[in-house]
4 protein chains.
Amino acid sequence: QEDLFVFAGPCVIESRDLCFEVAEFLRELSDRLKTGIVFKASFDKANRSSINSFRGPGIDEGLRILQEVKQEFQLPVVTDIHLPSQAATVSEVADCLQIPAFLCRQTDLLAAAAETGAAVNVKKGQFLSPWEMKNVVCKLRESGCEKVLLCERGTFFGYNRLVNDMTAIGEMKNLGCPVIFDATHSTQQPGGLGTSSAGARESAPVLAASAAAAGADGMFFEIHPNPEDALCDSACMMRMNDFEKTIKRCREIFKIVRQNDE
Amino acid sequence: QEDLFVFAGPCVIESRDLCFEVAEFLRELSDRLKTGIVFKASFDKANRSSINSFRGPGIDEGLRILQEVKQEFQLPVVTDIHLPSQAATVSEVADCLQIPAFLCRQTDLLAAAAETGAAVNVKKGQFLSPWEMKNVVCKLRESGCEKVLLCERGTFFGYNRLVNDMTAIGEMKNLGCPVIFDATHSTQQPGGLGTSSAGARESAPVLAASAAAAGADGMFFEIHPNPEDALCDSACMMRMNDFEKTIKRCREIFKIVRQNDE
Amino acid sequence: QEDLFVFAGPCVIESRDLCFEVAEFLRELSDRLKTGIVFKASFDKANRSSINSFRGPGIDEGLRILQEVKQEFQLPVVTDIHLPSQAATVSEVADCLQIPAFLCRQTDLLAAAAETGAAVNVKKGQFLSPWEMKNVVCKLRESGCEKVLLCERGTFFGYNRLVNDMTAIGEMKNLGCPVIFDATHSTQQPGGLGTSSAGARESAPVLAASAAAAGADGMFFEIHPNPEDALCDSACMMRMNDFEKTIKRCREIFKIVRQNDE
Amino acid sequence: QEDLFVFAGPCVIESRDLCFEVAEFLRELSDRLKTGIVFKASFDKANRSSINSFRGPGIDEGLRILQEVKQEFQLPVVTDIHLPSQAATVSEVADCLQIPAFLCRQTDLLAAAAETGAAVNVKKGQFLSPWEMKNVVCKLRESGCEKVLLCERGTFFGYNRLVNDMTAIGEMKNLGCPVIFDATHSTQQPGGLGTSSAGARESAPVLAASAAAAGADGMFFEIHPNPEDALCDSACMMRMNDFEKTIKRCREIFKIVRQNDE
């Protein structure tokens, strides 16, 4: 692998317009920096803190928008699934299926994702040691998945707080999978606002740099033109305008680490 | 509430014979101790550590056996569901639907369970503070559930280990729900054996007594005539013969606590 | 051991008058309940959060007051030491020397305490597993201490919070020492108020009951006629008037546990 | 600050010969890399897990050796103190006094260190949030210390394990102090070997790089020509021959981070 790859996008598909705005931004950035970027957005947030939170447009409308983004901006697309029955349909549009952290041990969901033949990105559960991800990888591989990606997004550390154990990145790389670092969800303070999660977006660039230095192969960021108005994960999402600087720094660190590893 | 209630059974429906053996034992104990016991067994273990682990007989065969147990031994029955689509079918047999800890934030699963009209027992996620269960309770109540039970089964504390915060019991009772203490899963050491969880069954009676003293309304135990041979959670399951002594002690403590509260 | 023993007192020696007021209360309670009570107060708080916090009257004045309390109310006395050089002097007055949690691994302090011949109560460090207390016990025993007591007062669980692992009580009893449960410091939220610790005194009775059920041999409480005005640990200290009810409940639970153990 | 500074040395003063060997190595490295290195070794390990562990030569002999190292190799020296009474004597030799993590809240120790006029490096307690170090800094500054350094060396995360929260580095820098990252003690698994701590020295280079990316101003490593034979912290100490590569990588990352911050 010669360069850090990037997953980025606006958390949930708030609207076609928002997706197009972010995708256009990412397309331009990808060309200019000559770095691979995968567009990420969710069609359904199935485990929001509160039952009254915005969940997204649903699978049909959501996939339609993702398909348009893909064609219009020539960006590969990643989105998450929540039920085994969604895997096949979603894989018709998405290049990579994502398994949410809370669901990373649901055997049928993993198997259904694997059977599509798509790449599968699994977020490490906040309740799992990195070495327990070995069993997750086995479930996927035995079900036929050939492109497993693992994602560090924080580990439960006392109530309403996560911590990133940077040694987890190497532990998971030892399972033979590229490891992505989810810089924005790592700053989440789950349940910190009562009916929604708090966050600390100002920590995302620092954690991203730190994870790149620890050997991460890819970076995951949720970005938004105006995070304060975002309909989901507002507190931990990164401002679109702050994104380029962070990506550049991570890539420089990535290169130093890879040179040293040779 | 005048007495501690009890959920007990053999984790997974290993066979009709095993279920009958355990149910007969519980029926007799319930009569002799004059205490309410709900029979618990799973038809599917949908998130085992390893893809090669035994999962159970599946929903059709599983519900048939639970129905037989119910009729033959006149015990109410609780079992867990993993997908929204299972809720209605399962509620035709089960008196109480249980939501697994990893799934306790899946909005659709909670809503589907609530809509059956059955009682719903939600295990607190190992990755949640007790006060975040407020949102879970809201999801259920807004979806029509009138009998919400919450269950403490340990909180993530460093890799491969859980801890029970006994103040969580009171926190969750303040949400207006009876709180059950899952004494056997609380001794789990997740991932402790590589491809399965370790456990410390000898701690279950101590933790149960401790939780009764902290105000738990009910107790949950997985029991087996021969835990070493159990097909799931072998390391943390309680020996059937050790069960009566533990229940008696918990009830005595329960009574002291209630007297003092008056 | 036939009954639960109790360590109680006003955290720091705020004044001779306060000590006398609390000691008189404890003397009367001890007689009426026929239970052994040891008077606890510190002459110096050597590790307050802030340099501007009240520290106490110092060793000379402090020991004079403890000596008076001892004679006047015929209560044994426990107090904590912070430097090896204090051990011998303090042991002339105190029946039991206490080692603060942060200092529980300081070899010279343990050795000096052991060499006095007094009983030594060591608080388990918030940063130690219960089984690491084996090394602490060894240090004391090899230095001649014949009466080692261990004290559970919470384990670090995320920032600014402690949790009590109730299985720790049994782990430490297995080292051959009586185990005391410090109910009031267990409710501490270290650093929770910026320049001092927050606390949740309302949890102390619940945790105490829970620890009694888990097998604790003794209980430790900091009490005050008016906790809001206390000069140290105000937020977690128990109101003197609430104390009797809590002690009674703990003793009842203690008896049930011991009967069952026979 | 233009370059990353380095504290390094052999944990405990095993012998004059060992100190000279390590100091000669560091002198040469410092000259060749043109980077500032402070020699670190302890004259007494006052809180070893076991009472039978090697503690060092003691203060008199220890300071003599440190003085020789200083003169012979022209390296500044840092060493840790455990009692207030040691501060003045030690400051006659040491350029920087170090406060051990367990003792970081002992007011008198901090005050005594501050009063010497030397720089003071305080290791963040494993039981403290980074923002609680504000009180530690206040204690030092109010006692006259003008050069406070803070050191991240891991936070308690479940039994027998530490985790580094990389956001702690920025939190502590916000207190106006340079922050050092202790890469080798961060890999400690306290109590992991029963009567001593286990460790994972192979993680030290990764964590060091990660901390440099997170903004650390300095690095702390314990190094040894032959770590397997080291008399203290053998499991987490770094091999002398692996040191140069790690330092170089950290400096490169340091420079990227500082350029970006401009």
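Annotations for the structure displayed:
- Modelled this way, with points 7 Å down the Cα-to-C-beta line, the labels at residue D:64 and residue C:241 are 6.6 nm from one another.
- Close amide H pairs (under 5 Å, H built 1.01 Å from N) link residue B:230 with no residue at least 5 positions away or on another chain.
- The mean number of partner chain beta-carbon atoms within 10 angstrom of a residue's beta-carbon across peptide C:101-108 is 6.
- Stokes-Einstein D (µm²/s) once Rh is taken as the Kirkwood radius of region A:195-255 over alpha-carbon pairs, at 10 °C in 1.306 mPa s: 132 µm²/s
- 10 °C / 1.306 mPa s Stokes-Einstein diffusion coefficient of region A:103-248, Kirkwood radius on C-alpha pairs, µm²/s: 101 µm²/s
- Computed on region D:136-209, with alpha-carbon pairs under 8 angstrom and 6+ residues apart, the relative contact order is 26 percent.
- Spatially proximal aspartates and glutamates relative to residue D:248 (Cα-Cα < 17 Å; intrachain offsets below 8 disregarded): A:252, A:261, A:262, D:2, D:3, D:28, D:31, D:182, D:202, D:217, D:222
- Here is the P(r) of chain D: all C-alpha pair distances, binned every 5 Å from 0, give 1, 6, 14, 19, 21, 19, 14, 5, 1, 0, 0 in whole percents.
- The share of Cα pairs per 5 Å bin across region C:24-113, counted from zero up to the longest distance, runs 3, 14, 22, 22, 17, 13, 8, 2, 0 percent.
- Chain D - percent relative contact order, Cα under 8 Å, separation 6 or more: 17 percent
- Two-site FRET efficiency, residue B:15 against residue A:131, from Cβ-Cβ distance with R₀ of 25 Å, rounded to 0.05: 0.15
- Ascending list, in nanometres, of distances separating the residue B:194 label from those of the other copies (7 Å, Cα toward Cβ): 2.2, 5.0, 5.3
- Inter-probe distance in nm under a simple model that places probes 7 Å from Cα toward Cβ, at residue C:202 and residue D:248: 6.1 nm
- Label points for residue D:258 are taken 7 Å from Cα along Cα→Cβ. From this copy to the others they lie 2.6, 6.7, 6.9 nm apart, shortest first.
- Cross-link pairs A:134/C:139; C:40/C:245; A:147/A:255; C:134/D:123; A:255/D:45 - those with Cα-Cα distance over 30 Å: A:134/C:139; A:255/D:45
- Where only C-alpha atoms are counted, convex hull volume of the protein assembly as shown per residue in Å³: 154 Å³
- Computed over region B:96-240: relative contact order in percent, which uses C-alpha pairs under 8 Å that are six or more apart: 18 percent
- Alpha-carbon gyration tensor eigenvalues x 5, square-rooted, for region B:21-175, Å: 25, 18, 18
- The mean number of Cβ atoms from other chains found within 10 Å of a Cβ in peptide C:207-218 is 6, as a whole number.
- Alpha-carbon centroid distance for the pair region D:164-238 / region B:41-93, whole angstrom: 49 Å
- Descending by average beta-carbon neighbour count within 10 Å, the peptides D:193-199, A:241-247 line up as D:193-199, A:241-247, the highest first.
- Backbone N within region D:65-107 under 18 Å of label point (7 Å from residue D:146 Cα along the Cβ vector): D:91-92, D:95-97
- In nanometres and ascending order, the distances from the residue C:16 label point to those of the other copies are 5.7, 8.5, 8.7 (point 7 Å from Cα along Cα→Cβ).
- The residue of chain D whose Cβ sits closest to the rotation axis that maps D onto B, together with that distance in whole Å, is D:158, 0.
Where a number appears in this text, it was derived from the coordinates with a stated rule and is not lab data. This structure is a prediction, so every number in the text was calculated from the model and none was measured. Reconstructed Cβ throughout: ideal geometry from the backbone, glycine too, with neighbour counts over all protein chains shown.
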